[in-house]
Structure formats: structure tokens, C-alpha cells
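Read the structure below first, then the notes.
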Amino acid sequence: QVQLVESGGGLVQPGGSLRLSCAASGSIFRLNVMGWYRQAPGKQRELVASIATNGNTNYADSAKGRFTVSRDNTNNTVYLQMNSLKPEDTAIYYCNIKWGFVNYWGQGTQVDVSS
């Protein structure tokens, strides 16, 4: 079993920054992809950014140029640095780790961008 614990969400004004963290523990395959998804009210969950063990990254178009995903392989931790936040970034952000057909999710952390 794998556990994912997220932190770093909160309320921020438009144009502000937040850094999300997610620590994974348990039986983790050494080659995996960790990432962040988000779900806004009334919308489907969508990929924000992901990063593989080898450092390869993937970003949603809405995140490119504003968000940076990074990871610490030693501690199985993934980060999401979010800059220039917009009201449309408001959502619950979920951490994810996957390999093969295995897929685990965190509980989610709320991000609110509002003045």
C-alpha cells in the first residue's frame, strides 16, 4: 500500500504564489511518475504537471510558464511551485503516483485564488 500526504494549499491573491508538497510512503516502485492533478467545482479532474523518476516533465498548457514541478527521489516527494496564480487556478489539487497499472491518489489540498 502507498500513502500520499499533501500540504501547502491555501488562500492566495491573484498574482501570488504557492508551493505544494506531497510525500509518498509505502511500497513504491523505484521507476514511477509523480504528479499533480486538479479538480474545480463542476469540472473533471485534469492533469496539471507530472515528473518521472528520470526527471522528464509534462505540463498542461494552462500551467506552462507559471508552474514548476520537481521531485526528490530520495524522499519520494514531489513539489509544485505555482506562480502568477489566477482565479481560474482555484481547485482541489491532488497528488498522484503511478507505475504500470498501479495508481495512487492523495486526499487533496484546496487552493483558492481570490482577492
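Over all directions, how big on average is the projection of the convex hull of the alpha-carbon atoms in the chain, in square nanometres?
Its Cα hull, projected and averaged over all orientations, spans 6.7 nm².
For a quick check: with amide H placed at 1.01 Å from N, whose amide H comes under 5 Å from Arg45's, ignoring anything fewer than 5 positions away on the same chain?
Those qualifying (amide H under 5 Å, at least 5 residues apart or on another chain) number zero.
Would you mind finding the longest exposed-site-free stretch of the chain, with exposed chymotrypsin sites (Phe, Trp or Tyr not before Pro) meaning DSSP loop and at most 15 other Cβ atoms within 10 Å?
Working: sites that count: Phe29, Phe101.
The reported range is 30-100.
Placing +1 at every Lys and Arg Cβ and -1 at every Asp and Glu Cβ, with all other atoms neutral, what dipole size does the chain have around its Cα centre, in debye to the nearest 20? Provide the component values of the computation, followed by the final result.
Numbers: 10 positive and 7 negative charges, 37 e Å.
It comes to approximately 180 debye.
If exposed trypsin sites (Lys or Arg not before Pro) are those in a DSSP loop with at most 16 other Cβ within 10 Å, what is the longest stretch of the chain that has none?
Numbers: sites that count: Arg30, Lys43, Arg45, Lys64, Arg66.
The reported range is 67-115.
Spelling out what I want: for every residue of the stretch 34-39, take phi, set θ = phi - 60°, compute 6.51 cos²θ - 1.76 cosθ + 1.60 (Karplus), and round to whole Hz; glycine and proline get x.
Karplus values, whole Hz, x for Gly and Pro: 10, x, 10, 10, 9, 9.
Under a 5 Å amide H to amide H cut-off, with H placed in plane at 1.01 Å, what residues pair with Asn32 once short-range neighbours are removed?
Thr53
Pop the C-beta distance of Ser25 and Lys86 into the FRET formula with R0 = 35 Å and round what comes out to the nearest 0.05. Write out the running numbers ahead of the final one.
Numbers: r = 33 Å, r/R0 = 0.93.
So, using R0 = 35 Å, E works out to roughly 0.60.
Over all distinct alpha-carbon pairs, what is the Kirkwood Rh of the stretch 5-49 in angstrom? Let's see the in-between values first.
On the way: mean 1/r = 0.0766 Å⁻¹.
One decimal place: 13.1 Å for the Kirkwood radius.
The numbers here are math on the coordinates, done by the rules we state, and not lab data. Note that the structure is a prediction, hence the values are computed from the model and not measured. Please note: Cβ atoms are built from the backbone with ideal geometry, for glycine as well, and neighbour counts cover all protein chains shown.
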